[in-house]
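Okay, so here's the structure we're looking at.
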Amino acid sequence: MSVLGTLVGVVIPYVAAFIFVVGVLYRIFTWSKCVVPFKIPTTCGQQKSLPWLNRTFMDRFDSPYTNWETAVRMLMEIFLFRSLWKNVRYELPAQTAVSTKWLWLFALTFHWSLLIVLIRHFRFFLQPVPDFVNLIQGLDGFIEVDIGWLWFQPHVVHIMVTGLTLFVALLYLTYRRLAFPRERTFSLPSDYIALILLLCVAVTGLLMRYVIPVDVAQVKELAQGLLSFHPPASPDLHWLFMLHLLFVSLLLAYFPFSKLMHSAGIFFSPTRNMPNNNRAVRHINPWNYPVKGVDWDEFYENFKGDMEELEQMGYVVKPEEV
Ligand code: HEM
């Protein structure tokens, strides 16, 4: 058992963490080197233009002109999924676009829940546990429930709301791809892999919390050992925790190769990170080859015959200051 413990508890998590860190840095590095030939901010609101053209307060963030307006738009995108809020669905018989907020709701629920679950997991890795982690743990687990019906004896637990909302949101996001014809058509195996891995992590986590408790002190010893690069020599781990950790490791190793990289990619998205100021600031295409300029005398020399003909016809050919 302890050989398996070392493999699943130490070797695989380290390999996965290595692939994750190197892979994510590599992708960020390659993205940062990409040229952006055109100014392509996607905009909705009124662009900053002539002084008498009024802009509403929200136009500033729908069609940002300055860097800080662009930063606010980015923050609203990251924390509120604002563009998804505007999601519409084209209904064919009626031939109308109807607003649909379900995807927005469940996507937002999933991402916020994941963030809070991960912050709560800091308590395994850090000693003493930071106050903000305890605070979030306390707020998240304010509901106390007797789940004696699962245990055949009284058993009171704190329900971690975000653990459950994470699971429910993942179920909806998977259901949406499987049940709706359009979504099923454009779903690729990679879309399902990410969802299935996340579901496996969530299910094993929920089982540990509510059905088959594991020795949390032992988990903490392993987590802190891994973080300080002094892992226990041959940890004797619970099978369910090993499963949880294995799925987490698979997810980490898969991350840099997957669409999950959108979490870093959003910052590099030109449609989101560029201000819409092309009328005021010229965007230089880095692909432009250097153009050798021609001065007036050289130009005149090149087209002397034509120029003289034009002059004879009465046109003023030479620039005034020449
Ligand atoms: C992508 C990373 C991870 C995700 C999404 C995740 C998710 C979850 C979820 C949803 C739960 C259910 C209970 C709750 O809401 O707290 C849980 C529980 C648990 N997780 Fe994770 N987990 C992750 C990584 C880890 C890691 C790296 C460890 C250990 C080093 C770990 C150890 C545990 C343990 C011991 C429990 C049971 C907690 C308890 O009984 O209070 N998890 N996890």
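The table that follows gives values for the structure above.
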{"quantity": "Full-extension gain in nm, LEU118 to VAL15, via 0.36 nm per residue minus C-alpha separation", "calculated": "35.1 nm"}
{"quantity": "Along the chain, longest interval not containing exposed trypsin sites (Lys or Arg not before Pro), exposed being DSSP loop plus at most 14 other Cβ atoms within 10 Å", "calculated": "102-278"}
{"quantity": "Helical contribution to [θ] at 222 nm, DSSP H n ≥ 4, -39,500 (n - 2.57), averaged over the chain, rounded to 500", "calculated": "-17500 deg cm²/dmol"}
{"quantity": "Partner aspartates and glutamates for LYS101 [C-alpha distance under 20 Å; skip if fewer than 8 residues away on the same chain]", "calculated": "ASP62, GLU77, GLU91, GLU183"}
{"quantity": "Loop sites in region 28-64: chymotrypsin sites (Phe, Trp or Tyr not before Pro), DSSP, at most 14 other Cβ within 10 Å", "calculated": "PHE38, TRP52, PHE57"}
{"quantity": "Where GLU309, GLU69 fall by accessible area, highest first, once all protein chains stay in place (1.4 Å)", "calculated": "GLU309, GLU69"}
{"quantity": "Calculated log₁₀ intensity ratio I(q)/I(0) where the Debye formula runs over C-alpha points of region 131-249, q = 0.10 Å⁻¹", "calculated": "-0.43"}
{"quantity": "Highest-MSF residue in the chain out of VAL24, VAL133, VAL35 [GNM, Cα springs under 10 Å]", "calculated": "VAL35"}
{"quantity": "Accessible surface of GLU91 - all protein chains present, 1.4 Å probe, nearest 10 Å²", "calculated": "70 Å²"}
{"quantity": "Max mean-square fluctuation residue, GNM over the chain, Cα-Cα springs under 10 Å, options PRO93, PRO51, PRO41", "calculated": "PRO93"}
{"quantity": "Alpha-carbon centroids, region 1-40 and region 284-309: separation in whole Å", "calculated": "51 Å"}
{"quantity": "Rg(Cα) / (2.2 N^0.38 Å) computed for region 7-112, rounded to two decimals", "calculated": "1.57"}
{"quantity": "13 Å beta-carbon shell around VAL129, net charge (K/R +1, D/E -1)", "calculated": "+2"}
{"quantity": "Cα pair distances in region 2-296, grouped into 10 Å bins until the bin that holds the longest one, percent each", "calculated": "5, 19, 27, 24, 14, 7, 3, 1, 0, 0"}
{"quantity": "FRET E, pair ILE28, LYS86, Förster distance 22 Å, beta-carbon r, rounded to 0.05", "calculated": "0.20"}
{"quantity": "Accessible-area value, TRP85, 1.4 Å probe, nucleic acids and ligands omitted, Å²", "calculated": "120 Å²"}
{"quantity": "Kyte-Doolittle mean at least 0.0 and Cα axial length at least 18 Å: DSSP H helices in the chain", "calculated": "12-33, 67-80, 102-125, 161-179, 189-210, 239-254"}
{"quantity": "Links that overshoot a 24 Å alpha carbon limit, given the list LYS86/LYS259; LYS48/LYS292; LYS48/LYS259", "calculated": "LYS48/LYS292; LYS48/LYS259"}
{"quantity": "Euclidean distance between Cα centres, region 173-202 to region 87-127, Å", "calculated": "14 Å"}
{"quantity": "Environment charge at PRO189 (Cβ cut-off 12 Å; Lys +1, Arg +1, Asp -1, Glu -1)", "calculated": "+1"}
{"quantity": "PHE20, PHE267, ranked by accessible area, largest first (probe 1.4 Å)", "calculated": "PHE267, PHE20"}
{"quantity": "Cross-link reach list, aspartates and glutamates versus LYS220, counting only Cα pairs under 19 Å and skipping chain neighbours closer than eight places", "calculated": "ASP131, ASP236"}
{"quantity": "Accessible heavy-atom area order of LEU115, LEU199, LEU252, highest first, probe of 1.4 Å", "calculated": "LEU115, LEU252, LEU199"}
{"quantity": "Solvent-accessible heavy-atom area per residue, rounded to whole Å², over the chain at 1.4 Å", "calculated": "64 Å²"}
{"quantity": "Separation in nanometres of the label points that stand 7 Å from Cα toward Cβ, at TRP102 and MET76", "calculated": "2.7 nm"}
{"quantity": "Percent carbon-and-sulfur accessible area, region 84-191, ignoring ligands, DNA and RNA, probe 1.4 Å", "calculated": "74 percent"}
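The values are calculated or read from the model by the stated rules, or taken from the named source; none is laboratory data. What you see is a predicted model, and the numbers here were worked out from it, not measured in a lab. Note that we place each Cβ from the backbone using ideal geometry, even for glycine, and neighbour counts take in every protein chain shown. The protein model used for the area step is the full one, side chains on, heavy atoms only, and it has no ligands, DNA or RNA in it. Shrake-Rupley method; radii C 1.70, N 1.55, O 1.52, S 1.80 Å.
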